[in-house]
Each structure stands twice: as structure tokens, then as C-alpha cells.
Amino acid sequence: MARSIRSAVVFTLVTACLGSTPAVAPAQHPVWAQHMQAADAEYKAGRFDHAEQSVRAALKEAEALGRPDAAELFLSLNVLGHMLLGRGRFDEADPVLERALAVREAALGPDDPAVAESLDALVITRERRGKQREAEPLLARALAIREQTLGREDPRVAVTANHLAGLYHARQDYAAAEPLYSRALAIQEKAPGGERVVAAIVESLARLHHEQGRYAAAEPLYARVLAMREKALGLDHPDVARTLNNLAGFHAASGAYDRVPPLYTRAIAILEKAFGPAHREVATPLANLAHVHHARGALAAAEPLYVRALGILDTPANASSTQLADILAGLGEVRHARGNHADAELLHRRALGIREKALGADHPDVAETLSRLALAYEAQGKPAAAAPLHARALAIWDAGGAQHPRLSAALEKAAQSLRAKGDNAGAEPLYQRLVALRENTLGADHRDVAAPLAQLAWIYEARGRYAMAEPLFARALAIQEKALGAEHQDLVPILISLASIHQAQGKQAASEPLFARALAIADKTPGGAADARLSRGLGGLAELYRKQGRFALAEPLQVRALATQEAAIGANDPRLVPALLDLASTYEAQGKHAEAEPVIARALGIQERVLGAEHADLAGTLNALAAAHRARGAFPDAERLFKRALAIRARAVGPEHPTVADILDGYVALLRDTNRLFEADVMEDRAKILRGKKN
């Protein structure tokens, strides 16, 4: 989300407080008066420690008077409290200003206008200490006092109403904030010389509508603020740049992306001119513009802007800045999307450290960073490192409530992470929760329900629970058909899976049309015929035809499936071996021994390179290649291969294992082909004995 820049009128409370200290009658309390006058002089000279010592000495003199409503006591407390406030010592200032409020109430009564001033000071300490909820009732009381004593149309009432609206706005209580903003605006619009304050209130109202998605109401308010500030301050004033930044953020949120870059670019130029190219304020529109390019997929445009913003803010003074964390996270996402996963990991780790320290370990932004870091680990082949991060992110979103908008994404990422490392048992309950969550929040037929339904079905399929998988695939297919149409390419993997489920349950008649439909959709989709997911459908339909003895139909499907797999995983991947051997078997079934032999030889070559020349898996492939040589009469080569297959199988499972008989069968046929009948009979008897052991 784009960062907004809030304009404010800054004034120093301490200076105002000390400057308004009334003249003191030295004859009545000369020592107290001397301390206060010394404090005033020291403060104006910039010797703040000495000034504080003098005020504390004056406070002791006032406390010695023994009068809880003494003016001297109030003045001492009030000046000391404002001095601590001005020096950023908010925890110390709070109890001092609370005492000053009590003294003023005792002297003047609870509804005097001066009491509202003391409430204002206490409100500031509570805000600065992060206790906005404690500040709200104090400010509401100050507003009530001013309405009663000054009248509902006084500009000071407007200032207090606007301040209280800001507190409500900050905690997203829009219903409470909006009428206060509107009331403050109406009062200030009537007051002379209040243009700058009016612009600030209008901008707050614009942000309030913006944050609620009420773009039609927000846009004219943003435009009004910009026009007011350009007229009052000039086209190149920093406040104009801040308004441009906020207006650009609004257009980005409302989807009017084409209007965004010129506004951010102009804001950057104004701030660079006013403060220099490396000023902190320049980083905000730079990062916001980077974010817009990033969101639109223009990664090459986004990256240098993120890098420049990072160069500005990445200083020791900003080491715990959440804005720095936002930029690190944005740059990390860009680097991840561009394939630089190691850099992305480092950037997300830095962002995580800052956000945990600044926001707390359970903040939603921490959860988002954990999730992004986990994705970086996964992209580097580190699923074990990713899984606990996904789980922790999920726990944070889960704590936000069962309907939290980010919980759905966290559940999905955590489940995907578990599946990636083969933990289907762990992923299953997460997908079940995800289905239920999306059904409750989006509706049972929403498109986003289909994906977790299909994932859950795939888990059931992988575990052989076909009866549970089938209705889930069927429901996911129906949802996708309704949302996307009957010919959309996203239907292909679900159609193939549903067909495979039918096939696994022996429902060939139900399986064939689904496979055929998936292939037809893929063939009509640009690039669909080369989709790696299609190989399963091609292979499934081919297997169906093979079982029916329709080898001429199976063969082209197998050739195509093999080509699709090769394009996806490479020509030497061991996962190609089953497809190669099945294709060779189809050739053999059609008497195409010359075509079968090089296919089997290729499968053997892959296995030898990957597994080694003596691996147990080679026995079956050697046996198939030996059979192909025998079929075309290459008996010496066939015998050599049979012997090698037997030796490997015997070493792997033992010479008396029943599976040794599978290789002996081919060897027996070879011996008979070469008229070595006695050897053939002996070997055949051995095969029978081994098979008898199996029974």
C-alpha cells in the first residue's frame, strides 16, 4: 500500500508555555520566582538541563506552600511537564502533566476552558506513548468543555474535533471520525485565514473515504486539496508534493494506474528541488512509484526505484523504520519474481527483523514477511526451511479471527509448502479448512473454492482414496466450468485427474471421454499442447487404449506425452524412463521391434548415468532390451544383456527371489531359439521353483 504524507502545522508547546508564564510577585514568593525566571533564561539560551533543574527547584518551593490549588504549583508542574514533553521524555511528562491537570481542576473547577488546555497536553503524552485509546476520552472531554464555554462554532472547537477525529480514524473507526471531520471542516471554512487548516481536514476526509473504498467521494476531495495548496503555496511547495503523493496513491488504489506515474514523478521532482535528491522525504514517492510498477508487472522499472529509495533510507538512524522494511520487502519481491531468490531471501530476512522489532512478533506485516521469506526458501529448494515460516504466518493470521482476509492466503501457502515436501497428511487438514473458509466467506460456488477442492482431491488420489477424491474433482470441475466456460485451459488438469480416478477404479467408459475432452481443449489453446500437465492425460488415454489392445491409437499419444515431458524436465531426466519403456512395449506389441530397441536403450542410458551401472532398477530395463535384441535375432547381444540383468537382480533381491524368474523366462526363450534345449529345460525348471516359492 502506498504511504501517505500528512501535512501539519508544527508548534513548540514548551516555548509557548514558558513564554506565557505570568509575571511573578517576588515579594510574595521571591525564591520561587527566582527559580522560574532562571529557568526561562536558561531555556532561551538552550541550556535545557539547567532550565529543568531550575524548574524542579521552583516546584519544591511551590510544594512547600502546602496549597493544592496554588497557582505557583500549577505553573511549576505545567512548565516542567511541557519541558519534558518537548525533550521527548513522554513517560516522565505524563504524571507531571496529570498532576498539573488536577491542580487546575481544583483551582478553577472541572469545566473551565483552561482545563481543556491541560487535557490537550496530557493527550499529547498519551499519543506519543502509543496509548491512543487512553487519549480519546481526554480529548472528548476537552471538546465538550470548549463547546460549552466557547460555543459550538468556535475555531478552537474545530481544532479539537479534528484532533479527535484523527484518533478515531487511526484505529479505523470511520463512523466516529467522519462526522467530526465534517463538523471541523464546516467551522474552519467560515473562519478567516483558515485555508491551510481547511486543506488538512479535507485531505483527512479524502483519506477516510479512500480507505473505505469510496473512491467517488474521495477523488473530488483530493483534487480540492491539490488546488488549494497550489494556489496558496505555489506549484513547487513541498506540501504540494505531499498532496501529489497522496493523490497518486488514491488513483493506484482505485485502479487508475495510467494517472499515477506523472503524479509521483512530479512529487519526486518537487521534493528533490526543495530538499535535495537524497532527502528522506524523496524516498516515499520513489518507493510508492516502485510499488505501482511492481503491481503492474513492470519489474525492470520498479527495481531501480526501490534500490534508490533503499539507498536513501538505509542508514543507522532508520535501522528500525517500518518504511525501510516496506522497501526491503518490495525489493525482495521484485528480486524473487526476477529469479534472484538468494537476494530475495536476504532482503526479506532484513525486513522481518525490522518488523518484528518495531511491530511485534504477531503483527500481520510480520506474517506477510514470513510468508514471502518462505517462498524465497522454496524457490531455492529449501522446503524444510520454508514450512515452519508458513506455519508461523498461518498462526498469526489465525489469531486475527476465522474470517481474517489474509488467513485464506496463509492457509493455502502453508498447505502448498507441506505438499512440496511430501507431507500430504499435514496438508490435508489445512486444505479442508481452506475449503470451509472460502465457502463461508465467498460462497460454495465461488471460483476460488475450486482450487483447494482440487488440491484436496489430489491428496486423496495420491493416497489411493479414490472414492473420496472423485466427488471433489467433479465439484471443482463444475465450479470452473461455470466460472470460466467449458473450453477454458484451466479445466485440463482437473479433467485429466477425474479421468485418471475413473481409470484407477476400472471405469474405462467414464474415463475415455474426459481424457479426450482434456486433449481437445489443450489442442485448441495457444501453447496448451506443450503444457507439461498434459502428459498425464496423454499417458492416461494411451494406457486405456493399451488395455483395450488398441495399440495403434496408443502409440501417437505416448510419443506426444514423451515429447511434452522432455520439454518440461529435459531429455535425460530419470522420470522419463517409465514413459520410454511403455512406448517400447507398445512398439513390441505391434511387432515394431526395430523401433522399440533404441527407445529401451535410451532408457537404459539414462538410468546408468543417473543411478550407476549396477543399480537394481537396471535389471528390468536390461531384460526388456535383451528381449528386443532376441526378437530381431541378435542372440549374442541378447544373451549378454540377459546375463547382466540376472546378475543385477540376484544381487539386489537374492538368487532365490521369485522376481528372478521374470528374467529367466526371456533367457529360456533365447536358449530354445538357439537350440540349447537342455539348458533351457534346466533354467525353466528353476523359474518354476522360484515361482512356487512366491505361492
Peptide ranges 680-686, 333-339 listed from the most packed, as the mean C-beta count within 10 angstrom indicates:
333-339, 680-686
Is the shape of the range 431-497 best called rounded, prolate or oblate, per the rule: a/c under 1.5 gives rounded, else a/b larger than b/c gives prolate, else oblate, with a ≥ b ≥ c the square roots of the Cα gyration tensor eigenvalues?
oblate
For ARG406 and ALA563 in one chain, what is 0.36 nm times their gap in residues minus the Cα-Cα distance, to one decimal in nm?
52.5 nm
Which of the peptides 558-568, 157-167 is most tightly packed, and how do the rest follow, going by the mean number of other Cβ atoms within 10 Å of each residue?
157-167, 558-568
Value in Å of the Kirkwood radius, where the range 449-568 supplies the Cα pairs that are averaged:
14.3 Å
Report, to two decimal places, the Cα Rg of the range 49-127 normalised by 2.2 N^0.38 Å (N = number of residues).
1.03
Would you indicate which of [x] -0.60, -0.70, -0.80, -1.09; [y] -0.45, -0.59, -0.72, -1.11; [z] -0.26, -0.38, -0.52, -1.14 is the value of log10 I(q)/I(0) by the Debye sum over Cα atoms at q = 0.05, 0.06, 0.07, 0.10 Å⁻¹ derived from the coordinates of this structure?
[y]
Mean residue ellipticity (222 nm) of the chain, computed from DSSP H runs ≥ 4 via -39,500 (n - 2.57), nearest 500:
-25500 deg cm²/dmol
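Tell me whether the range 635-695 comes out rounded, prolate or oblate; compute the Cα gyration tensor, take square roots of the eigenvalues as a ≥ b ≥ c, and use a/c under 1.5 as the rounded threshold.
Numbers: a/c = 2.86, a/b = 1.32, b/c = 2.17.
Cα axes put the range 635-695 in the oblate bin.
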Accessible-area value, GLU595, 1.4 Å probe, nucleic acids and ligands omitted, Å²:
80 Å²
With every protein chain left in place and a probe of 1.4 Å, what is the accessible surface of ARG651, to the nearest 10 Å²?
150 Å²
One finds the C-alpha centres of the range 461-492 and the range 582-631 to be spaced, in Å, by 36 Å
Short version: ³J(HN,Hα) in whole Hz for each residue of the range 254-260, in order, from phi by Karplus 6.51 cos²θ - 1.76 cosθ + 1.60 (θ = phi - 60°), x for Gly and Pro, what are they?
8, x, 8, 5, 5, 8, 7
Just check the range 362-497 against the gyration tensor rule for me: Cα atoms, a ≥ b ≥ c as the square roots of the eigenvalues, rounded for a/c under 1.5, and otherwise prolate or oblate depending on whether a/b exceeds b/c.
prolate
Label-to-label distance, nm, for residues given as ALA647 and THR265 (7 Å Cα→Cβ offset):
7.4 nm
Which whole-number percent is the relative contact order of the range 458-605 (Cα, under 8 Å, 6+ apart)?
15 percent
At q = 0.10 Å⁻¹, what is the base-10 log of I(q)/I(0) for the range 149-274 according to the Debye formula with one equal point scatterer per Cα and no solvent? Please give it to two decimals.
-0.33
Counting only protein heavy atoms and leaving out ligands, DNA and RNA, the solvent-accessible surface of LEU299 at a 1.4 Å probe, in Å² to the nearest 10, equals 40 Å²
Expressed in nanometres to one decimal, the distance between label points 7 Å along Cα→Cβ at HIS488 and ASP681 is 7.1 nm
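The values are calculated or read from the model by the stated rules, or taken from the named source; none is laboratory data. All of these numbers come straight from a predicted model, not from anything done at the bench. For neighbour counting, all protein chains shown are included, and Cβ atoms are generated from backbone atoms with ideal geometry for every residue, glycine included. We work out accessible area using only protein heavy atoms, side chains counted, and drop any ligands, DNA or RNA first. Shrake-Rupley method; radii C 1.70, N 1.55, O 1.52, S 1.80 Å.
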